[in-house]
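The values are calculated or read from the model by the stated rules, or taken from the named source; none is laboratory data. Remember, it's a predicted structure, so these values are computed and weren't measured experimentally. Please note: Cβ atoms are built from the backbone with ideal geometry, for glycine as well, and neighbour counts cover all protein chains shown. Only protein heavy atoms, including side chains, enter the accessible area calculation; ligands, DNA and RNA are left aside. Shrake-Rupley method; radii C 1.70, N 1.55, O 1.52, S 1.80 Å.
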Amino acid sequence: MSTVLRIAIQKSGRLQEDSLKLLKESGLQFSNGRDQLKAQARNFPVELLFLRDDDIPQYIEDRVADVGIVGENVWIEKEKHNELIKRLDFAKCRLSIAIPRAEEYTGISYLKGKNIATSYPVIVKQFLAKNNIEAGIHEISGSVEIAPGIGLADAICDIVSTGSTLLSNGLKEVEVVLQSEAVLIATPSLEKGKQALLDQLLFRIQAVQSAKNNKYILLNCPNEAIEKITSVIPGMKSPTIMPLGRPGWSSLHSVVNENDFWERIGQLKSFGAEGILVIPIEKMIA
Ligand code: PRT
Ligand code: ZN
């Protein structure tokens, strides 16, 4: 039987769409049957397994799946024998402790002797131990944010993204326990053939991520500005420079990083750049 890499992704929920999108952008083609348990890629030896996110670390430990995509929070909480292979830059959130808004928070010692409701007992326990705090942990599986209001707990530890859930339940965030995003996890020692497939996939994911973080930039500039401009947008090796029809002017093509995009544009304009065009990049391979 030929080697196939089995990738577990969330069946439905916050991770599903972006997980599939990443794999599609990495060139994998699947027939979309949402209700199915498995899907075979048409053009790459990959099989997808659609599972509940909480079950993915266990399936990987049991080697039913080889790799999987879960929130870092789930990966840590489940304490399975899996390795974090790559951070995937989506489903960003934080796991935080929150208390009723009317309470005065006096620092972490406030939590001493309190009862904290959470779906993440392992992570909360580690956090409390690290900070030398003794507190009770009340594990509940959903609707954690209502626990203080119904007298079930003094505080909660739950996922926060915009903070609006806390707000509408009369709570305030007081400690960030963990920053999380979607991660690719895998069995520690994959057999050689599967590892080779994973390496190919990682190479593609890297190309997709680099492309997202960069833009292709074209501009016109007076020839005497070329050196200065090159120093701020050196590109992958060096910019492409072509003479314009107008004497003394050139067209310069390069790559600019998303993070310092606006700062660079400001600099380029001050150096005399004109007619600046910025274009998304689909894949980027260094
Ligand atoms: O059914 P299954 O078990 O597979 O899914 P699930 O319901 O357990 O998980 P799901 O789909 O809700 O979330 C999957 C993963 O997405 C989580 O493990 C996190 O890593 C990540 N993620 C990112 C979030 C959020 N953002 C998020 N906002 N997970 C949950 N929330 C919830 C949070 O629990 C709270 O109720 O949204 C609320 C807070 O959001 P704000 O915007 O009001 O702060
Ligand atoms: Zn879940």
Check your understanding: How far is helix 261-270 tilted off the main Cα axis of the chain, in degrees rounded to 10, range 0 to 90?
Key -> 30
Practice item. Would you please give the residues with an amide H less than 5 Å from that of Asp89, counting only those at least 5 places away or on a separate chain, with H modeled from the backbone geometry? Key: Ala182
Review point. Please state the equivalent ellipsoid semi-axes for the chain: what are the square roots of 5 times the Cα gyration tensor eigenvalues, largest first, in whole Å?
Key: 44, 30, 15
Review point. For Asn214, which sequence-distant residues (separation of 5 or more, or a different chain) have an amide H within less than 5 Å of its own amide H, given hydrogens modelled in the peptide plane?
Key: Glu258
Review point. Which of Gly142, Ile97, Thr165 sits closest to the plus end of the dipole of region 93-180, meaning its Cα is farthest towards the positive end, when Lys and Arg get +1 and Asp and Glu get -1 on the C-beta?
Key: Ile97
Practice item. May I ask you to list the residues of region 115-136 whose amide nitrogen lies under 15 Å from a point 7 Å from Cα along the Cα→beta-carbon direction of Leu152? Key: 115-121
Exercise for review: With both partners inside region 1-137, how many of the DSSP beta bridges are antiparallel, as a percent to the nearest 5?
Suggested key: 30
Review point. In nm, what is the difference between 0.36 nm times the number of residues separating Asp62 and Gln36 and their Cα-Cα distance?
Key: 7.2 nm
Check your understanding: Under 11 Å from a point 7 Å along the Cα-to-Cβ line of Leu84: which residues of region 156-186 have their amide N that close?
Key -> 178-185
Check your understanding: Out of Asp53, Asp260, Asp199, any idea which swings most in a Gaussian network model of the chain, alpha carbons joined below 10 Å?
Key -> Asp260
Study note, to complete from the structure: So the carbon and sulfur contribution to the accessible area of the chain, 1.4 Å probe, in percent, is 49
Check your understanding: What ranking, highest mean first, results for peptides 99-105, 113-119 when packing means the other Cβ atoms within 10 Å averaged over each residue?
Key -> 113-119, 99-105
Review point. For Lys86, which aspartates and glutamates qualify as cross-link partners when the Cα separation must be under 13 Å and same-chain residues fewer than eight apart are set aside?
Key: Glu72, Glu181, Asp199
Check your understanding: Which of Ile69, Ile97, Ile217 moves the most in a Gaussian network model of the chain with Cα springs under 10 Å?
Key -> Ile217
Revision key, fill the gap. Among Lys21/Lys114; Lys172/Lys269; Lys24/Lys80; Lys38/Lys283; Lys80/Lys130; Lys172/Lys283, the pairs whose Cα-Cα distance exceeds 32 Å are Lys21/Lys114; Lys172/Lys269; Lys172/Lys283
Check your understanding: Given Pro234, Val176, Val67, which one lies farthest toward the positive end of the charge dipole of the chain, if we put +1 on the Cβ of every Lys and Arg and -1 on the Cβ of every Asp and Glu?
Key -> Pro234
Revision key, fill the gap. FRET efficiency for Leu277 and Gln200 from the Cβ-Cβ distance with R0 = 30 Å, rounded to 0.05, comes out at 0.35
Study note, to complete from the structure: From DSSP H assignment alone, runs of 4+ in the chain each adding -39500 (n - 2.57), the sum over residues rounded to the nearest 500 puts [θ] at 222 nm at -8000 deg cm²/dmol
Study note, to complete from the structure: Rounded to the nearest 10, the angle in degrees between the Cα long axis of helix 16-25 and the longest principal axis of the Cα atoms of the chain comes to 30
Revision key, fill the gap. The size of the Cβ-based charge dipole (Lys, Arg +1; Asp, Glu -1) of the chain about the Cα centre, to the nearest 20 debye, is 780
Check your understanding: Any idea of Ser189's accessible area? Nearest 10 Å², probe 1.4 Å.
Key -> 70
Exercise for review: Provide the solvent-accessible area of His253, counting protein heavy atoms only and rolling a 1.4 Å probe, rounded to the nearest 10 Å².
Suggested key: 30
